[in-house]
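The values are calculated or read from the model by the stated rules, or taken from the named source; none is laboratory data. Because the structure is a prediction, the values reported are computed rather than measured. Every residue, glycine as well, gets a Cβ built from its backbone with ideal geometry; the counts of neighbours run over all protein chains shown.
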């Protein structure tokens, strides 16, 4: 069998296992990406979640000796929820971004990639392969762009003609020499909507992101959220979809092709107050299968406190007071103190002053003082 025939067979097979798009790229070094990553590093734009070795991120042959091809796959995920629950004054809700709806996409894509690996092993027993999703060394987007899956949009997402940017990406490096596909020409043109709509100005310019300012990144941090971003968070618990929602290429794009990607509305838009007292075990049982849980419950709870402050939800004051007095985690105590200041009236001053007398952590004391200042400004 020729490589051209094997490629056709693999494309046909990929459709039967639930791969929405497949593309083939050469395993040559990603020289442009290397330059871009060095600039990102110099300017401190990285998130810290990436593979630190830029050589490994840009040279596929360092991952598989004799690598000739990278196979890129894309799976489309839904952009709309059926019967989404309403956030009401009585029950305020947060939101997980679309990429965290349904089963963790890492598991879904690994399943598809494993099937492709087994398919290739059967056809070419001496071929070597390695696959990865998101947390691997290679840049999923750079691979997908080279493989003709889509173009790299100004919002730093891969935009496919068929599914917009609502796609999960994964790739497989192999020693089998497939004919590469043609990249798609950039279609963004003069459109700059995503850059203009970014809530924190994290999109410096089309295709360049300061991860340290990106809400999607900030929702995953475990420390105090910097003051300047708290009002920007809204009710986001994990991730941010703004730059995808405003993209004209995503208009009307909503695909429900994979049952395991369908969101449970109560998990994708959970009630905020119950999140504040959820135990580790309950959190794992309830949210453990979604990608937004990978950092544990602390960032989600911190974000939920900020969301309640955003809604000025007075019903949250008793539980926030409880957290301020009793939670062992300084970030949760401090964020609760700030939120009490945002939500409360002068009658909450006694709550904050009482906490200030017994608090040992300097950072928490600073947050209590911020809360008191907020209350004093309401006089």
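Can you find even one residue in the stretch 299-315 that is more than 19 Å from residue 92 (Cα to Cα), in the same structural domain as residue 284 (by TED's automatic domain parsing), modelled with pLDDT of 95 or more and buried (at least 22 other Cβ atoms within 10 Å of the Cβ)? Before the answer, list the steps.
Applying the first criterion (more than 19 Å from residue 92 (Cα to Cα)) to the stretch 299-315 yields none.
The answer is no, given that none of the residues of the stretch 299-315 is more than 19 Å from residue 92 (Cα to Cα), in the same structural domain as residue 284 (by TED's automatic domain parsing), modelled with pLDDT of 95 or more and buried (at least 22 other Cβ atoms within 10 Å of the Cβ).
Kindly evaluate residue 193 against the criterion of being surrounded by fewer than 19 Cβ atoms within 10 Å (Cβ to Cβ), farther than 30 Å from residue 8 by Cβ and free of Cβ contacts under 8 Å to residues at least 60 places away in the same chain. Even if it seems obvious, please write down each step before you answer.
Numbers: surrounded by fewer than 19 Cβ atoms within 10 Å (Cβ to Cβ): yes; farther than 30 Å from residue 8 by Cβ: yes; free of Cβ contacts under 8 Å to residues at least 60 places away in the same chain: yes.
Criteria met by residue 193.
Among the residues of the stretch 277-293, how many are surrounded by fewer than 20 Cβ atoms within 10 Å (Cβ to Cβ) and touching a residue at least 24 places away in the same chain (Cβ under 8 Å)? Write out each step before concluding.
As a first pass, look at the stretch 277-293 and keep what is surrounded by fewer than 20 Cβ atoms within 10 Å (Cβ to Cβ): 277-286, 288-289.
If we keep only those that are touching a residue at least 24 places away in the same chain (Cβ under 8 Å) as well, we get 277, 289.
Counting residues in the stretch 277-293 that are surrounded by fewer than 20 Cβ atoms within 10 Å (Cβ to Cβ) and touching a residue at least 24 places away in the same chain (Cβ under 8 Å) gives 2.
The one condition from (1) in contact (Cβ under 8 Å) with a residue 24 or more places away in the chain; (2) more than 18 Å from residue 313 (Cα to Cα) that residue 372 does not meet is (2).
Scan the stretch 51-70 for residues that are in contact with a helix residue (DSSP H, G or I) (Cβ under 7 Å, 6 or more places away or on another chain) and either assigned to a strand (DSSP E or B) or modelled with pLDDT under 70 (or both) and report the count. Total meeting the criteria: 2.
To keep it simple, each residue is scored yes or no on (1) within 24 Å of residue 144 (Cα to Cα); (2) at pLDDT below 95; (3) in the same structural domain as residue 159 (by TED's automatic domain parsing); (4) assigned to a loop (DSSP other than H, G, I, E, B).
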residue	(1), (2), (3), (4)
199	no, no, no, yes
221	no, no, no, yes
225	no, no, no, yes
229	no, no, no, no
237	no, no, no, no
243	yes, no, no, no
252	yes, no, no, yes
257	yes, no, no, yes
